[in-house]
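**Q** Next up is a structure, given as structure tokens.
The values are calculated or read from the model by the stated rules, or taken from the named source; none is laboratory data. The structure presented is a predicted model; accordingly, all values stated were derived computationally and were not measured. Cβ placement follows ideal geometry from the backbone for every residue including glycine, while neighbour counts extend to all protein chains displayed. Ligands, DNA and RNA are excluded from the accessible area calculation, which covers all protein heavy atoms including side chains. Shrake-Rupley method; radii C 1.70, N 1.55, O 1.52, S 1.80 Å.
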Amino acid sequence: MKIMQVEKTLVSTNRIAELGHRPLLVVREKAGGARQVAVDAIGCMPGDWVICVGSSAAREAAGSKEYPSDLTIVGIIDHWKGE
């Protein structure tokens, strides 16, 4: 699991059918760090600090072992001051 911050929503109108209608968010581990795209399984807002899972856990958290995700948000952190 990783602690990351939601930066913004990623709009992608063209995508494979297996992605369904789950929102995609741009997240970072730290300010100035590399951006990644995560599937939002719980309803996050920009600025939220979140818990993300990767690999097969990301696919299952998104809803199916066949879901094409390598990073999925599974929790919103209530209190966290970034590093």
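**Q** In the range 1-47, what residues are among the polar types (S, T, N, Q) and either touching a helix residue (DSSP H, G or I) at 6+ places or on another chain (Cβ under 7 Å) or without any contact (Cβ under 8 Å) to a residue 40 or more places away in the chain (or both)?
**A** Passing the criteria: Thr9, Ser12, Thr13, Asn14, Gln36.
**Q** Please determine whether any residue of the range 70-83 is in contact with a strand residue (DSSP E or B) (Cβ under 8 Å, 6 or more places away or on another chain), open to solvent by 70 Å² or more (accessible area, probe 1.4 Å) and of a type in the set (Ser, Thr, Tyr).
**A** no
**Q** May I ask you to list the residues in the range 48-69 that are open to solvent by 70 Å² or more (accessible area, probe 1.4 Å) and assigned to a loop (DSSP other than H, G, I, E, B)?
**A** Lys65, Glu66 - these are the residues of the range 48-69 that are open to solvent by 70 Å² or more (accessible area, probe 1.4 Å) and assigned to a loop (DSSP other than H, G, I, E, B).
**Q** Among the residues of the range 1-28, what is the count of those that are open to solvent by 70 Å² or more (accessible area, probe 1.4 Å), of a type in the set (S, T, N, Q) and either assigned to a loop (DSSP other than H, G, I, E, B) or at pLDDT below 90 (or both)?
**A** The initial filter retains those residues of the range 1-28 that are open to solvent by 70 Å² or more (accessible area, probe 1.4 Å), namely 1-2, 8-9, 11, 13-18, 21-22.
Subsequent filtering for residues that are of a type in the set (S, T, N, Q) retains 9, 13-14.
Of the ones still in play, those that are also either assigned to a loop (DSSP other than H, G, I, E, B) or at pLDDT below 90 (or both) are 13-14.
Matching residues across the range 1-28 total 2.
**Q** For the range 33-47, enumerate the residues that are open to solvent by 70 Å² or more (accessible area, probe 1.4 Å), outside any loop (DSSP other than H, G, I, E, B) and hydrophobic (A, V, I, L, M, F, W, C). Explain how you work it out, then say what you get.
**A** Going residue by residue through the range 33-47, those that are open to solvent by 70 Å² or more (accessible area, probe 1.4 Å) are 34-35, 37, 42, 45-46.
From what is left, the residues that are outside any loop (DSSP other than H, G, I, E, B) are 35, 37.
Passing the criteria: only Val37.
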